[in-house]
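Below is one structure; the comments refer to it alone.
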Amino acid sequence: MAKACVIGWPVEHSRSPLIHRYWLAEYGIDGTYDKEAVRPEDFVAFVGALAEHGYVGANVTLPHKEAALRLARSADEAAIAIGAVNTLWLDAEGRLHASNTDAYGFMTNLDAEAPQWNEGLGAAMVLGAGGAARAVLYGLIKATDAKIFVANRTRARAEALAHLFGPRVEVVDWGARNAAFGTCGLLINTTSLGMTGQAPLDIDLTALPQDAVVADIVYNPLLTPLLVAAAKRGNATVDGLGMLLHQAVPGFERWFGVRPEVTPALRAHVVASLSPEAA
Ligand code: ATR
């Protein structure tokens, strides 16, 4: 029997068990997927003893994503560029390997939900400059030749990302974000604004072209105020749940040997766990 888990602190809110247990049942695999609440000071020891705990691998969530990168024997290009890890696995010799599948999850979902997003794309706007923005930028840079604007409340963090990802990324003042939408065919919210319990994203979409795609990485609620406003004026929208589902695919395949599918039934299963207003 193969066992995997999600390691976090706290970990209770994680929806990864819902996804992986659904696939274990769907594909009739003899395996388990647990939640492991591990304090930051215990993380190194826990991961060092992953095999002794019976695990073939794990997902890693806050606050361990950077520490996991330091512990791995090898890390893929995405994990190194993003500076964080969300997927770990042990090889036959017990060596620890790491990947970041967030960019894969975001881009795969964008391609699936709005396949036209890159057609004649002049520029994209990324709102936010945290860990999620880093993953989105890494994915976008590889997938498009378009200019990428980054606007963040704390400008220095946006500048750090522009420095990291090079001249294709241009910083826009947080106060100037609305005015910069005119040439943007893609708008992505990577801030936590709009999430249940948080203020909505303060935004004016007037200058955004009608054919622009608007994506949010927030998935609770599924329809954030940003997505509601975008849909109302006719923009195509992509919600954050698809990214969450797709980022889980490579880990499941590593641990359990089957490449699982993201289906409407899986999506409905996870949607049922979201805030009531999400549906
Ligand atoms: P994550 O790793 O999930 O991206 P994070 O690193 O805490 O989380 O980043 C959260 C993002 O939401 C940041 O871009 C943050 O802006 P700052 O860098 O200025 O903190 C943004 N954010 C959070 N609350 C905000 C608010 N009230 N107004 C504007 N941006 C906000």
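Worth a mention:
- Top-ranked residue of segment 145-165 - restricted to ones that are within 17 Å of residue 81 (Cα to Cα) and not aliphatic (A, V, I, L, M), ranked as nearest to the ligand (Cβ to nearest atom): 157
- Among the conditions (1) more than 25 Å from residue 173 (Cβ to Cβ); (2) without any contact (Cβ under 8 Å) to a residue 60 or more places away in the chain, residue 140 misses just one, which is (1).
- Condition check for residue 61: in contact (Cβ under 8 Å) with a residue 12 or more places away in the chain, within 16 Å of the ligand (Cβ to nearest atom), out of contact with any Phe, Trp or Tyr (no Cβ under 8 Å at 6 or more places or on another chain) and not charged (D, E, K, R): yes
- Restricting attention to segment 144-156 and to residues that are out of contact with any strand residue (DSSP E or B) (no Cβ under 7 Å at 6 or more places or on another chain) and surrounded by fewer than 17 Cβ atoms within 10 Å (Cβ to Cβ), the residue that is nearest to residue 240 (Cα to Cα) turns out to be 153.
- Among residues of segment 193-231 being among the polar types (S, T, N, Q) and within 16 Å of the ligand (Cβ to nearest atom), the one that is surrounded by the most Cβ atoms within 10 Å (Cβ to Cβ) is 224.
- For segment 183-192, the candidate set comprises residues that are under 16 Å from the mean Cα position of the chain (by Cα) and of a type in the set (S, T, N, Q); within that set, the residue that is farthest from the ligand (Cβ to nearest atom) is 189.
- With respect to the stated conditions, residue 23 is part of a helix (DSSP H, G or I) and either buried (at least 17 other Cβ atoms within 10 Å of the Cβ) or away from the ligand (no atom under 16 Å from the Cβ) (or both).
- You will find that of 208, 193, 161, 201, the residue that is under 20 Å from residue 115 (Cα atoms) and either in a loop (DSSP other than H, G, I, E, B) or out of contact with any Gly (no Cβ under 7 Å at 6 or more places or on another chain) (or both) is 208 and no other.
Okay, residues lined up against (1) on the phi > 0 side of the Ramachandran plot; (2) touching a Leu at 6+ places or on another chain (Cβ under 8 Å); (3) not charged (D, E, K, R):
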{"position": "50", "(1), (2), (3)": "no, yes, yes"}
{"position": "76", "(1), (2), (3)": "no, no, no"}
{"position": "86", "(1), (2), (3)": "no, no, yes"}
{"position": "89", "(1), (2), (3)": "no, yes, yes"}
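- Scanning segment 27-52 for residues that are loosely packed, with under 14 Cβ neighbours inside 10 Å and within 23 Å of residue 93 (Cβ to Cβ), we see that the one that is farthest from the chain's Cα centre (by Cα) is 52.
- Candidate set: segment 232-243, residues that are in contact with a helix residue (DSSP H, G or I) (Cβ under 7 Å, 6 or more places away or on another chain) and closer than 12 Å to residue 106 by Cα; chosen: the one nearest to the ligand (Cβ to nearest atom): 243
- Top-ranked residue in segment 166-182 [being more than 15 Å from the ligand (Cβ to nearest atom) and part of a helix (DSSP H, G or I); ranked as surrounded by the most Cβ atoms within 10 Å (Cβ to Cβ)]: 181
- Residue ID - farthest from residue 195 (Cα to Cα), chosen from residues in segment 205-245 that are among the hydroxyl-bearing types (Ser, Thr, Tyr) and in contact with a strand residue (DSSP E or B) (Cβ under 8 Å, 6 or more places away or on another chain): 237
- Scanning segment 105-131 for residues that are more than 21 Å from residue 178 (Cβ to Cβ), surrounded by 21 or more Cβ atoms within 10 Å (Cβ to Cβ) and within 16 Å of the ligand (Cβ to nearest atom) returns 105, 106.
FYI, it's all coordinate maths here, none of it is from the lab. Note that the structure is predicted; figures quoted are calculated from it, not measured. We place every Cβ from the backbone using ideal geometry, glycine too, and count neighbours over all the protein chains shown.
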